[in-house]
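Here is the structure we will look at, set down as structure tokens.
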Amino acid sequence: RRAKFAEMRDAPAITKDGVRIELMVNAGLRDDVGALDVTGADGIGLFRTEFQFLVSATMPQRERQQRLYRDVMDAAGDRPVIFRTLDIGGDKALPYLHHDDDMVEENPAMGWRAVRLSLERDGLMKAQARALLEAAAGRTLHVMFPMISEPWEFDVARALFEHQRQWLIERRKMLPSSIRYGAMLEVPALAEVLDILLPKLDFLSIGTNDLTQFLFAADRAHPKLAERYDWLSVAILRFLNRIARACEAAAVPVGVCGEMGGRTLEAMALIGLGIRRLSITPASVGPVKAMIRSLEAVPLSTAVQTMLVSPPESMRKALIAYAQQASV
Ligand code: PEP
Ligand code: MG
């Protein structure tokens, strides 16, 4: 099977009825970028910039950040790289970043993290924005913000980047040829305000790891809960379906970058919901591409939508049965 996946490396991720799926990989360190060539993925759909911070004993200065981002884009060549701004705080604490008042958080996943922290400690975000803007000189910069809970947070984060861009213009520095701004949807409340949010965005990326944890109120790292709630539950699939429909109506590209998309059956369900971009762990690219190339997207979509209207007792079993009879 391994040989079969290797052979498929250069084949496009396209269904039997001609629907092209963008298959991207999640990455975080310089060495992860090699996965692009090994897997034949279409790009990096989630670059977790906090990894550089987590593996450093001291705060990585702007120049070091910039060097990493430039190396990653150089290695990716024509393939897009979506950089996510820092998702630190909470359980990804940095020893060298101190809270003002030695605050102890009882629920760090729901705490002072990601964009919440970045907007308050905006020196961090400004340095990162400068590093990304300068590293992407002459190319398209894709940037997205984690844990957006309300549309204004996206506005402020984007404005911070635009302010830095202006600063570089005034100093006649070379700029990215274009910038695409996106938000991550991992906080359920954001789904209720998509009519306000989507017109602001160039793309949306659904983080199903955090989204599932918040939808089910179940800690994603809890050993007793991690496997308890199924990604193929009716609640999750209906929720994702709503988001996919809203993005389709607003013509905003939407992808999934949580671990869900790396499992073949889950990936099939996502394609059935109309998701056309998956960013997954590199080891999953081969199996997911094989699934896609044996799939017909149109009948799958009809089947999944029917299941969501009157759900079978087990969505998972029904999807397995679908895959078997359709020889996926
Ligand atoms: C997610 O929450 O689904 C996600 C992709 O981000 P992370 O796993 O880094 O929190
Ligand atoms: Mg997340």
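Out of (1) assigned to a strand (DSSP E or B); (2) out of contact with any Pro (no Cβ under 9 Å at 6 or more places or on another chain), the odd one out for GLY182 is which?
(2) is the only condition that GLY182 fails.
For the range 193-208, does any single residue satisfy the condition of being in a helix (DSSP H, G or I), free of Cβ contacts under 8 Å to residues at least 24 places away in the same chain and more than 16 Å from ligand 1 (Cβ to nearest atom)? Outline the logic, then answer.
Just the residues of the range 193-208 that are in a helix (DSSP H, G or I), to begin with: 193-200, 208.
Within this subset, residues satisfying the condition of being free of Cβ contacts under 8 Å to residues at least 24 places away in the same chain are none.
No, every residue in the range 193-208 fails to be in a helix (DSSP H, G or I), free of Cβ contacts under 8 Å to residues at least 24 places away in the same chain and more than 16 Å from ligand 1 (Cβ to nearest atom).
Given the criterion part of a helix (DSSP H, G or I), under 17 Å from the mean Cα position of the chain (by Cα) and either surrounded by fewer than 17 Cβ atoms within 10 Å (Cβ to Cβ) or basic (Lys, Arg) (or both), identify the matching residue among ALA321, ALA249, ALA283. Before the answer, list the steps.
Working: ALA321 fails: under 17 Å from the mean Cα position of the chain (by Cα); ALA249 fails: under 17 Å from the mean Cα position of the chain (by Cα).
Criteria check complete, one pass: ALA283.
With the condition kept exactly as written, say whether any residue in the range 82-89 is modelled with pLDDT under 95 and crowded, with 17+ Cβ neighbours inside 10 Å.
Yes, the range 82-89 contains a residue that is modelled with pLDDT under 95 and crowded, with 17+ Cβ neighbours inside 10 Å.
Please go through the range 108-147 and give me each residue that is within 11 Å of LEU86 (Cα to Cα), surrounded by fewer than 21 Cβ atoms within 10 Å (Cβ to Cβ) and within 14 Å of ligand 2 (Cβ to nearest atom), ordered by number.
ARG116
Conditions tested, residue by residue: (1) among the aromatic types (Phe, Trp, Tyr); (2) under 21 Å from THR212 (Cβ atoms).
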position: LEU119; (1), (2): no, no
position: ILE148; (1), (2): no, yes
position: PHE161; (1), (2): yes, no
position: GLN166; (1), (2): no, no
position: ARG172; (1), (2): no, no
position: PRO188; (1), (2): no, yes
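If a residue must be outside any helix (DSSP H, G or I) and more than 16 Å from ARG263 (Cβ to Cβ), how many such residues does the range 295-313 contain?
The qualifying residues number 5.
What's the number of the only condition in (1) farther than 23 Å from ILE275 by Cα; (2) part of a strand (DSSP E or B) that LEU117 fails to meet?
If we test LEU117 against (1) farther than 23 Å from ILE275 by Cα; (2) part of a strand (DSSP E or B), just (2) comes out false.
Which fully enclosed helices (runs of 4 or more DSSP H) of the range 29-110 have 2 or more residues being among the hydrophobic types (A, V, I, L, M, F, W, C) and within 13 Å of ligand 1 (Cβ to nearest atom)?
Once the helices (runs of 4 or more DSSP H) in the range 29-110 are filtered for at least 2 residues that are among the hydrophobic types (A, V, I, L, M, F, W, C) and within 13 Å of ligand 1 (Cβ to nearest atom), what remains is 50-54.
Just the residues that are among the hydrophobic types (A, V, I, L, M, F, W, C) and surrounded by 15 or more Cβ atoms within 10 Å (Cβ to Cβ), please, taken from the range 200-217.
LEU201, PHE203, LEU204, ILE206, LEU211, PHE214, LEU215, PHE216
Tell me which residues, restricted to the range 227-246, are away from ligand 2 (no atom under 16 Å from the Cβ), more than 15 Å from the chain's Cα centre (by Cα) and in contact (Cβ under 8 Å) with a residue 24 or more places away in the chain.
Answer for the range 227-246, where residues must be away from ligand 2 (no atom under 16 Å from the Cβ), more than 15 Å from the chain's Cα centre (by Cα) and in contact (Cβ under 8 Å) with a residue 24 or more places away in the chain: ASP230, LEU232, SER233, VAL234, LEU237, ARG238, ASN241, ARG242, ARG245, ALA246.
Report the residue count in the range 252-280 for those that are under 15 Å from the mean Cα position of the chain (by Cα) and either away from ligand 1 (no atom under 16 Å from the Cβ) or of a type in the set (Phe, Trp, Tyr) (or both).
3
Could you list all residues from the range 254-280 that are closer than 26 Å to LEU29 by Cβ, in a loop (DSSP other than H, G, I, E, B) and touching a strand residue (DSSP E or B) at 6+ places or on another chain (Cβ under 6 Å)?
CYS257
Quick one: in the range 1-21, of everything that is crowded, with 18+ Cβ neighbours inside 10 Å and closer than 23 Å to ILE82 by Cα, which residue is farthest from the chain's Cα centre (by Cα)?
For the range 1-21, the residue satisfying everything is VAL19.
Within the bounds of the range 223-245, is there any residue that is surrounded by fewer than 16 Cβ atoms within 10 Å (Cβ to Cβ), within 15 Å of ligand 1 (Cβ to nearest atom) and either of a type outside the set (S, T, N, Q) or within 23 Å of MET291 (Cβ to Cβ) (or both)?
yes
It is to be established whether one or more residues within the range 76-98 are touching a strand residue (DSSP E or B) at 6+ places or on another chain (Cβ under 6 Å), within 16 Å of ligand 2 (Cβ to nearest atom) and either without any contact (Cβ under 8 Å) to a residue 24 or more places away in the chain or more than 21 Å from LEU211 (Cα to Cα) (or both).
No, that holds for no residue.
It is to be established whether one or more residues within the range 163-170 are closer than 21 Å to ASP71 by Cβ and either touching a Ser or Thr at 6+ places or on another chain (Cβ under 9 Å) or surrounded by fewer than 15 Cβ atoms within 10 Å (Cβ to Cβ) (or both).
Within the range 163-170, the subset closer than 21 Å to ASP71 by Cβ is 164, 168.
With either touching a Ser or Thr at 6+ places or on another chain (Cβ under 9 Å) or surrounded by fewer than 15 Cβ atoms within 10 Å (Cβ to Cβ) (or both) added as a condition, the list becomes none.
No: zero hits.
The values are calculated or read from the model by the stated rules, or taken from the named source; none is laboratory data. It should be emphasised that the depicted structure is a prediction, and the values quoted were computed from it without experimental measurement. All Cβ positions, even for glycine, are placed from backbone atoms using ideal geometry, and neighbour counts span all protein chains on display.
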